[in-house]
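Novice: Here it is, the structure in full.
The values are calculated or read from the model by the stated rules, or taken from the named source; none is laboratory data. Note that the structure is predicted; figures quoted are calculated from it, not measured. Cβ coordinates were reconstructed from backbone atoms using ideal geometry, including for glycine residues, and neighbour counts include every protein chain displayed.
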Amino acid sequence: MTDFYTSDNRSALDSMSNAQKIAFGPIVFQAARVLRDTGILNLLHDKGEAGIDAETISAKLELPLYGVKVLTDAGLSIGVLYLKGKNYSLTKTGHFIVTDKMTNVNMDFVHDVCYKGMFHLEEAVQTRRPAGLKVFGDWDTIYEGLSKLPEKVKESWFGFDHFYSDKAFEEVIPVLFEEKPENILDVGGNTGKFSIRCANHSDSVKITILDHPGQLEMAEQNIREHGFQERIDTYPIDLLDHSKPYPKPYDIIWMSQFLDCFSGEDIVELLLKARNALSANGSILILDTYWDRQRFEISSFCLNMTSLYFTAMANGTSRMYHSEEMIGYIEKAGLRIVKQKDGIGLSHTLIQCKK
């Protein structure tokens, strides 16, 4: 368990400086993003340590000199640029903004999916509803409207979701097939990416994807494109209608980056239905991220900030959980944990449960 948050060792000056960075945080973010999206950071990356002056940046990128100057001055203060004489160069932080895929996936997600809606965070906290979602449409949860989001928003949402899950899938599929399942229920299967990987791994396994009807349209298209219609089918369901049982029985019930999309009360209900859909010796496999089980403090930071996306944009009730909370919900649903493994992919934990 992480001990990142058990003490405060900062000096008064560091604490005050940090407070100012928080106060200007939204402006800091947009300055870094615009430096990236206007091409200034890429240009400086190409120039290396020699750097380039503001006038040349303006001429090469056909940007107003005024805009270049305010952005590069901001870049100095937020630590993405440094100055040698009159020439601006990239710091190591600036280098990561240009080259690191995770940084860019996160930045696109925050800007395209979260930024406008976060203005309504306080309302979401008070009402337990995703008050910021109204910037995109009139839905109760983002999952209902996912297929109808603006194309760039949808692209950034799936880019964020798949970036973290894809790295974990490579490690968990061999573990899953140690159970020698004949059939798998992929709950909250999204675009069908995991189910298609399972069908590629095994020539005989049959898979059902359980999800909202809007989500299944995308999954069904992907299944057809990969030619797996005979072994992967879909089952439309309102996941928050707890009167509707899951189909059964299944040897494996797979829940990847799924349970953190729901409130604690809903998690228990979803797990109860999963328990009832298991074959006699079947397993529920839960792949998720927990902020207390991270190796690095920045990983916990990212997860706790992502919780506020769930609050303001996704559904108003879910979050990135502490692992002990999730274990409590698992036990409350009448399940026993037989195996846990941390450090999967970038930051995931795999929990195996049985009746």
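Novice: Mind counting the residues in segment 316-355 that are within 17 Å of residue 278 (Cβ to Cβ) and of a type in the set (Asp, Glu)?
Specialist: Here the count works out to 1.
Listed here are the residues, each with its yes/no results for (1) surrounded by fewer than 22 Cβ atoms within 10 Å (Cβ to Cβ); (2) without any contact (Cβ under 8 Å) to a residue 60 or more places away in the chain.
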{"site": "271", "(1), (2)": "no, no"}
{"site": "296", "(1), (2)": "yes, yes"}
{"site": "299", "(1), (2)": "yes, yes"}
{"site": "303", "(1), (2)": "yes, yes"}
{"site": "325", "(1), (2)": "yes, no"}
{"site": "337", "(1), (2)": "yes, yes"}
{"site": "347", "(1), (2)": "no, no"}
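Novice: Mind telling me which of the residues 110, 80, 28, 34 ends up being hydrophobic (A, V, I, L, M, F, W, C), touching a residue at least 60 places away in the same chain (Cβ under 8 Å) and closer than 30 Å to residue 163 by Cβ?
Specialist: 110
Novice: A further question follows. How many residues are among the small types (Gly, Ala, Ser) and more than 16 Å from residue 305 (Cβ to Cβ) if we restrict to segment 109-134?
Specialist: 1
Novice: Any residue at all in segment 80-93 that's under 25 Å from the mean Cα position of the chain (by Cα) and either modelled with pLDDT under 95 or closer than 30 Å to residue 313 by Cβ (or both)?
Specialist: yes
Novice: If a residue has to be assigned to a loop (DSSP other than H, G, I, E, B) and within 30 Å of residue 346 (Cα to Cα) to count, how many in segment 239-257 make the cut?
Specialist: Kept after step one, since they are assigned to a loop (DSSP other than H, G, I, E, B), are these residues of segment 239-257: 239-249, 257.
Filter once more, keeping what is within 30 Å of residue 346 (Cα to Cα): 239-240, 257.
Selection size over segment 239-257: 3.
Novice: I would also like to ask the following. State which residue pairs qualify: first residue under 13 Å from residue 39 (Cα atoms) and touching a residue at least 60 places away in the same chain (Cβ under 8 Å) and inside segment 91-104, second residue surrounded by 15 or more Cβ atoms within 10 Å (Cβ to Cβ) and not hydrophobic (A, V, I, L, M, F, W, C) in any location, beta carbons under 7 Å apart, and separation of 6 or more residues or different chains.
Specialist: Sorted first by the residue in segment 91-104, then by its partner, the pairs are 97/36; 97/103; 98/42; 98/45.
Novice: What tally of residues in segment 259-268 results from selecting those that are in contact (Cβ under 8 Å) with a residue 40 or more places away in the chain and surrounded by fewer than 21 Cβ atoms within 10 Å (Cβ to Cβ)?
Specialist: Total meeting the criteria: 4.
Novice: Could we say that residue 299 is modelled with pLDDT of 95 or more and among the hydroxyl-bearing types (Ser, Thr, Tyr) here?
Specialist: No.
Novice: Just checking, does segment 246-257 include any residue being hydroxyl-bearing (Ser, Thr, Tyr), crowded, with 16+ Cβ neighbours inside 10 Å, modelled with pLDDT of 95 or more and farther than 23 Å from residue 163 by Cα?
Specialist: yes
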